[in-house]
Amino acid sequence: MSAAPQTSASGTGQFAQSAAVAKRPLVIALGLIALLLFTGEQLSPGFASLDQILRLLIVAALLGIVAAGQNLVILGGREGIDLSVGGIVSLSAIIAGNVMAGENGGIVPAILACLLAGSFFGLLNGIGVTLLRIPPLVMTLGMLGVLQGLLVVIRQGIPSGRAAPALSEFVSQPVFLGLPGIIWLWLGIGLLMAFLLRRTVFGYRIYAIGSNEHAAYMAGVPVRLIRIALFVLSSMFAAVAGICLLGYSGSSFANVGEQYMLPSIIAVVFGGTPLSGGKGGYTGTMAGAVLLVVLQSILTTINIDESGRQIVFGATLLLLMLFYGRGARMRG
Amino acid sequence: MSKLVLRDVRKAYGATVALANGALELAEGEVHVLIGSNGSGKSTLCKIVAGSVRPDGGEVLLDGQPVTVSGPQASHALGIGIFYQELSLAAHRTVAENISLARLPVKGGLFVDRQRARTIAARYIAPFADVVGAGFSPDAEVGSLRADQRQLVEIMKTLASEAPVLIFDEPTSALDRAQVDRFFEELRRLRGEGRSIVFISHRMDEIFNIGDRVTVIRDGRTVATKTIAETNQAEVIAAMVGENREFAIPATSDEGAATGNELQAPDGAPQSEGESARPVALQVENLTGSGFADVSFSLHEGEILGFGGLHGQGQSAVLRALYGTDTTLSGTISLAGRQSEVSSPRRAIREGFGYVSGDRGRDGVISGRPILENVMPVHFVKSRRPLAVPSRLNEQAIPALSALRTKFATLMHPISSLSGGNQQKVVIARWLIDRPRVLLLDDPTKGIDLSTKTELFALIRELAAEGMAILLYSSEDAELLGNADRILVFNGGAISRELQGAARTRFNLYEAAYSAAERAAS
């Protein structure tokens, strides 16, 4: 049977090309990290010292854990985005600080309480987006407002809470091979995400609903259930980050998590997951998180204040959108 | 004198010739019917007059002068008013604004003069005033109206163009009897004024009711123009089919040549006796839903049951209802003697249904993802395992893809790197890993090249031979005639006729499809 000739050669060429492009964000991010470290070292000797890099990695791990959840929601497509992560981080830090109240014995109950609270608000986000068909941007922004109000109320009633010594040690002191526990935790989350996305049916389905929700539905994918799960996971990752943040700073205060909303999105996009979803992964996001933290550190080194840093971050996101943001115009 | 003349008009989309030799001669003061089967080229002809499609060649003469219709604006300026089959209304604007849209009265150079818009609109609403039904008013938002009311607004809008040439492409599909009658009265009045009207409809009763002359298009060629008074329904259908020598151009196009499919019944012999002996795989009783009513039929194991008829007569709607994407209002669906509730595709898959849509881009292909991920989702539903082990998935995907002779280099290539035909093979391969009891095919070869079509139908017959029950809707009549054991002809959301054995001819199919369907009384 002579079917229409299908040139497998050109097919391979296309694939090789698109694979190279798909890898590019990771390569670019790693290249930029090296460049920034080198620049930082020139500006301020000691910037790229081992101790300093380790400190940067701890900060990057906090951001990276939040970005893991953000990454999942964005991969799921349909304008998926979670603007409430900052509120969850703050809430989780306050809950954890109050439950453990400086005692090691309180760590396990604190973790449980935070995960429970996180999954509750994530569930609300998921239900709002799927069953009530509220756009994720609006739903999670509304949720952020609710959480901020809630934090004000909580703070008037209870003390800010303190981290247990073991938690602080876990976050900032070396526990194994000279690396602090939080870095191992982050690597573990990296492996978990890779496994989830590449070796489970759940992962296949995330990509499926992210690239063609209707076709996925027609092929039997439980679209709503998956999307709800993504929002729950996002809030749970944010809750974990909140606990670690408490360990990092010692005590919790309101709005401590606010600073994570925008960077968590930038890290995902920098890592090669377009805001339209359906492709990309977490490895690039991890590199994106490190890159952002290094960038932030450089800005601090050259005495650019908080408002300046915000401007740089916002402009970075817009530039990223321009280069390889929504959809795949560049790749087409 | 002829108002509008089209001569030797041609249009091809790549290798597909939509119009090979289109011709039309429209006189002043006549209603000229244009008829042809699905894909015969009549819509392309209309689009060329409307300016939305540029012809590859040929001439268009208006009042004897050659004209170039460069776009919709140009056709409007030339005095051609067009009723679009796909409604062109602004859903969030009022009835009055939509009707007067072509010459929207403007106040102070900027604002719409609502009062004058209403006055203009009232003139065109008036003839239909007693048939528009409840909820219709000049100030109603078009989006809030029923389908028949929206169609009436589209008609009024076309009439409001006051163009000397009016083209109506299936203007009556949603209307009830009284509304059609009123519309025809308007057409007769306009004809009396000397307007030239092109009328496209699939309803023979309407054609013979309103038409003065009829032009038949077949396979992209104008084959005949006759006066309605001198012809009859059988003759028109015969011209569409291409079997009547008196009416037709030399019969170069028998069905086989038209599609490349063999036309004889799958096993050559009449099968009806054998079929009824086989167990019933699917029993549908009195199924009613959006777009179809009171549909009943049974499908046996190993049988290919065709759904025929014109586009949009309920065939796809029934298939989607069986697959759980469209809701049904009443009726029962029984699989292998057991009543089943299908509320979602996921549920339908577990019950034993499979579904392949011809609209790959919307319903089938998970674009941008690897071939492997496009083959597996149905298996995931059935296996209920949480882990996806690539090596094991490859083992399952490769035989399914090879059975379809899918051409690919590796399973990790994105599906978008394949040709359209190969993409559809990947989508079909989903159903070859864990085979469904009943496979629903919703115009599965739409937009696919000829050799792939032939391959796919060979596979479909093979699956049936192995015992799978198959429901096949195809917009290409030759595919149905060449592959289905029985054909149910749909007309107006109901089964109007069943064709079996030797009765499966193109003539019978057209006759059942084009005969008057029951129309709701208002």
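For the reader, a short list of remarks on this structure follows.
- For region A:83-128, the tally of residues that are open to solvent by 50 Å² or more (accessible area, probe 1.4 Å) and within 21 Å of A:Arg224 (Cβ to Cβ) stands at 4.
- Out of B:Ser416, B:Ser391, sole residue that is polar (S, T, N, Q), open to solvent by 30 Å² or more (accessible area, probe 1.4 Å), assigned to a helix (DSSP H, G or I) and within 23 Å of A:Ile209 (Cβ to Cβ): B:Ser416
- Filter result for B:Gly421 (open to solvent by less than 40 Å² (accessible area, probe 1.4 Å), in contact (Cβ under 8 Å) with a residue 24 or more places away in the chain, part of a strand (DSSP E or B) and of a type outside the set (Asp, Glu)): no
- Among (1) more than 12 Å from the chain's Cα centre (by Cα); (2) among the aromatic types (Phe, Trp, Tyr); (3) farther than 30 Å from B:Tyr355 by Cβ; (4) buried (at least 23 other Cβ atoms within 10 Å of the Cβ), the one test that A:Tyr248 misses: (4)
- Hits in region B:342-376 (condition: β-branched (Val, Ile, Thr) and assigned to a helix (DSSP H, G or I)): B:Ile349, B:Ile371, B:Val375
- Condition check for B:Leu329 on (1) more than 8 Å from chain A (Cβ to nearest Cβ); (2) under 23 Å from B:Glu455 (Cα atoms): one failure, at (2).
- Region B:436-488, subset assigned to a loop (DSSP other than H, G, I, E, B) and of a type in the set (A, V, I, L, M), residue surrounded by the most Cβ atoms within 10 Å (Cβ to Cβ): B:Ala484
- Scanning region B:332-380 for residues that are on the phi > 0 side of the Ramachandran plot and facing chain A (nearest Cβ under 9 Å) yields a single hit, B:Gly368.
- Residue match in region B:420-428 (condition: among the hydrophobic types (A, V, I, L, M, F, W, C) and farther than 19 Å from A:Arg205 by Cα): no
- Residue that is most open to solvent (accessible area, probe 1.4 Å), among those in region B:424-435 that are within 12 Å of chain A (Cβ to nearest Cβ) and closer than 24 Å to B:Val280 by Cβ: B:Asp434
- Matching helices (runs of 4 or more DSSP H) fully within region B:1-101 where at least 3 residues are open to solvent by 30 Å² or more (accessible area, probe 1.4 Å): B:72-77
- Out of B:Arg384, B:Arg278, sole residue that is over 25 Å from B:Asp477 (Cα atoms) and within 14 Å of chain A (Cβ to nearest Cβ): B:Arg384
- Odd one out for A:Ile206 among (1) among the hydrophobic types (A, V, I, L, M, F, W, C); (2) out of contact with any Ser or Thr (no Cβ under 8 Å at 6 or more places or on another chain); (3) open to solvent by 20 Å² or more (accessible area, probe 1.4 Å): (3)
- The condition (being modelled with pLDDT of 90 or more, of a type in the set (Phe, Trp, Tyr) and under 20 Å from B:Tyr510 (Cβ atoms)) is satisfied by just one residue among B:Phe247, B:Phe199: B:Phe199.
The values are calculated or read from the model by the stated rules, or taken from the named source; none is laboratory data. Predicted model only: the values in this text are computed from it and were never measured. Counting neighbours? That spans all protein chains shown, and the Cβs are built from the backbone with ideal geometry, glycine included. Surface accessibility is based on the protein's heavy atoms, side chains included, excluding ligands, DNA and RNA. Shrake-Rupley method; radii C 1.70, N 1.55, O 1.52, S 1.80 Å.
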